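Below is one structure, written out as structure tokens, with a few remarks after it.
The values are calculated or read from the model by the stated rules, or taken from the named source; none is laboratory data. Since the model is a prediction, treat every value here as computed from it, not as a measurement. Reconstructed Cβ throughout: ideal geometry from the backbone, glycine too, with neighbour counts over all protein chains shown.
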Amino acid sequence: MQTILDVCCGLDVHKESVVACIVKTSLGVSDDVIKEIRVFKTFLDDLTALREWLESENCRHVAMESSGVYWHPVYDVLEPAFDSNIELMSLFVNMPTNQYAKLSRACP
């Protein structure tokens, strides 16, 4: 799979926690991939810490996976800080299963 972003983040949003995985690459300089996983609670202070962590890692691209409406407060905290896309994975429901599985396996 071709790398098109040097830093991106996937969020798995639950009722009481958000699991965040940042993936960093060197875009052609080397094949090294660095993954970092952190878990945040869904309180405002914790979501603010998530946003600050993403900003400190220069992460401008975020994809969220969530069931129900749990993604709303996460989106509300992250959206004003980013000039790039925050995507909801439910928009990819028509993606072929094998491609979605590759995306889901990006972070263990």
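When the residues of region 6-61 are filtered to those that are among the small types (Gly, Ala, Ser) and in contact with a Phe, Trp or Tyr (Cβ under 9 Å, 6 or more places away or on another chain), the one that is farthest from Phe82 (Cα to Cα) is Ser17. Cβ separations smaller than 7 Å between residues 6+ apart or across chains give the following pairs from region 37-57 residues that are more than 15 Å from Asp76 (Cβ to Cβ) and free of Cβ contacts under 8 Å to residues at least 24 places away in the same chain to residues that are in a helix (DSSP H, G or I) and hydrophobic (A, V, I, L, M, F, W, C): Arg38/Trp53. Listed by position, the strands (runs of 3 or more DSSP E) inside region 1-98 whose residues that are modelled with pLDDT of 90 or more number at least 2 are 7-13, 17-25, 33-41. Filter region 59-82 for residues that are loosely packed, with under 13 Cβ neighbours inside 10 Å and under 14 Å from the mean Cα position of the chain (by Cα) and give the result. Passing the criteria: only Glu79.
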